[in-house]
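As structure tokens, the structure follows; a few thoughts come after it.
The values are calculated or read from the model by the stated rules, or taken from the named source; none is laboratory data. Here the structure is a predicted model, which is why all the values come from computation and not from measurement. Every residue, glycine as well, gets a Cβ built from its backbone with ideal geometry; the counts of neighbours run over all protein chains shown.
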Amino acid sequence: MTDILLTGCNGMLGQEVHSLAKKTKNTVIAIDIKELDITEQDTTSSFIHIKKPNIVINCAAYTNVDGCETDEDNAFKVNAIGPRNLAMACEEIGASLVHISTDYVFDGTQETPYDEYDIPSPQSAYGRTKYAGERLVAHCCSRSYIIRTAWLYGIKGKNFVSTMLQLAKSGKPLKVVDDQIGSPTYAKDLAEGIMTLVEKPRYGIYHFTNAGFCSWYDFAKEIFDQAGLEVDLSRCTTDEFPRPAKRPAFSKLKNNMGPAQGLPSLRPWQEGLRAYLNEIDC
Ligand SMILES: NC(=O)c1ccc[n+]([C@@H]2O[C@H](COP(=O)([O-])OP(=O)(O)OC[C@H]3O[C@@H](n4cnc5c(N)ncnc54)[C@H](OP(=O)(O)O)[C@@H]3O)[C@@H](O)[C@H]2O)c1
């Protein structure tokens, strides 16, 4: 009997969840696509029936937001069919499923922060496939947690912070988008939130981001200030920096569900960033 089965354990969030889960009393099986491709229904079902976890935490995903635009079928397989396969198998053995989703399920036109039960309206292929995944998980598994997060960065993998630090080394002037607003979230803080949430059965949809919000420009400025780097940084608009996938202009997530049940909020995003920069010795 396994307490936790973690999929996508080599990813940015997966490796943070893995290192935390290992420190608990739970037995943990951590796997990635080499051990199990979650898009394969029969293999996924057999794997879960054999391992019999109490909780599956799904950190596997197709996360290349722009890449999804030209590869939506594959993105759908990983972001919707894969979670559906996990959800069905979890339901069959009575396990819970934690599934991670995104602020990109919203269109970003609302003027107030999105709460857990605002109606999604994804504007990109990535957002559509992730929203389909959410619906399939909720439909197929009666013990599911759907956790939406945003603007993730962590030790493993390329992310906005590592990209900014890399670009700063070039000494060239930098322009960063100032008309998209969201909540930068440290993957380690999110992992802690997930592990606290699943201590008891508290199924439902959750928004988990570090507290506060900013634009990508504000985020870049804070990165350089905290890292003590002098960078010639200026603001630009989304129109000046076109990308294949449309991003929501305002995707601040209101974290209602956790605090409503007495769970601690994640710390302010600036503090998460400080912890991350310390961790990477910057
Ligand atoms: N990154 C963000 O800014 C962000 C923001 C909001 C929400 N999220 C959500 O947070 C979750 C974690 O994101 P992340 O950034 O940690 O992702 P990530 O670093 O891209 O990790 C995803 C992992 O899933 C694996 N994977 C891909 N296809 C698979 C398959 N068919 N079967 C099994 N494993 C597979 C990947 O392997 P390969 O690398 O070999 O493909 C990778 O190890 C995702 O659900 C994502 O949608 C992320």
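So, Tyr153, is that one more than 14 Å from the ligand (Cβ to nearest atom), at negative phi and aromatic (Phe, Trp, Tyr) or not? So Tyr153 fails the test. If the condition is being within 15 Å of the ligand (Cβ to nearest atom), touching a residue at least 60 places away in the same chain (Cβ under 8 Å) and out of contact with any Cys (no Cβ under 7 Å at 6 or more places or on another chain), then segment 83-115 contributes Leu86, Val98, Asp103, Tyr104, Phe106, Gly108, Tyr114.
The residues listed here are Ile155, Ile147; of these, the one that is surrounded by fewer than 21 Cβ atoms within 10 Å (Cβ to Cβ), touching a residue at least 60 places away in the same chain (Cβ under 8 Å) and outside any helix (DSSP H, G or I) is Ile155. Answer yes if at least one residue in segment 172-181 is surrounded by fewer than 23 Cβ atoms within 10 Å (Cβ to Cβ), closer than 29 Å to Asn58 by Cβ and in contact (Cβ under 8 Å) with a residue 60 or more places away in the chain, and no otherwise. Yes, segment 172-181 contains a residue that is surrounded by fewer than 23 Cβ atoms within 10 Å (Cβ to Cβ), closer than 29 Å to Asn58 by Cβ and in contact (Cβ under 8 Å) with a residue 60 or more places away in the chain.
The set of residues from segment 6-47 being within 13 Å of the ligand (Cβ to nearest atom), free of Cβ contacts under 8 Å to residues at least 60 places away in the same chain and under 19 Å from Arg143 (Cβ atoms) comprises Leu6, Ile38, Thr44, Phe47.
Screening Ala168 with (1) more than 22 Å from Glu134 (Cβ to Cβ); (2) away from the ligand (no atom under 16 Å from the Cβ); (3) not in a helix (DSSP H, G or I) gives one miss only, at (3). With the structure loaded, tell me whether Tyr186 is over 29 Å from Leu167 (Cβ atoms) and within 15 Å of the ligand (Cβ to nearest atom) or whether it fails that test. Considered against the rule, which asks whether it is over 29 Å from Leu167 (Cβ atoms) and within 15 Å of the ligand (Cβ to nearest atom), Tyr186 comes out as no. Does Asp118 fit the bill of being at pLDDT 95 or above, over 14 Å from the mean Cα position of the chain (by Cα) and either acidic (Asp, Glu) or closer than 18 Å to Thr209 by Cβ (or both)? Yes: the conditions hold for Asp118. Within segment 206-221, the residues that satisfy the criterion of being assigned to a strand (DSSP E or B) and either hydroxyl-bearing (Ser, Thr, Tyr) or buried (at least 18 other Cβ atoms within 10 Å of the Cβ) (or both) are Tyr206, His207, Asn210, Cys214, Ser215. Take the conditions (1) surrounded by fewer than 16 Cβ atoms within 10 Å (Cβ to Cβ); (2) assigned to a helix (DSSP H, G or I); Gly133 misses just one of them, which is (1).
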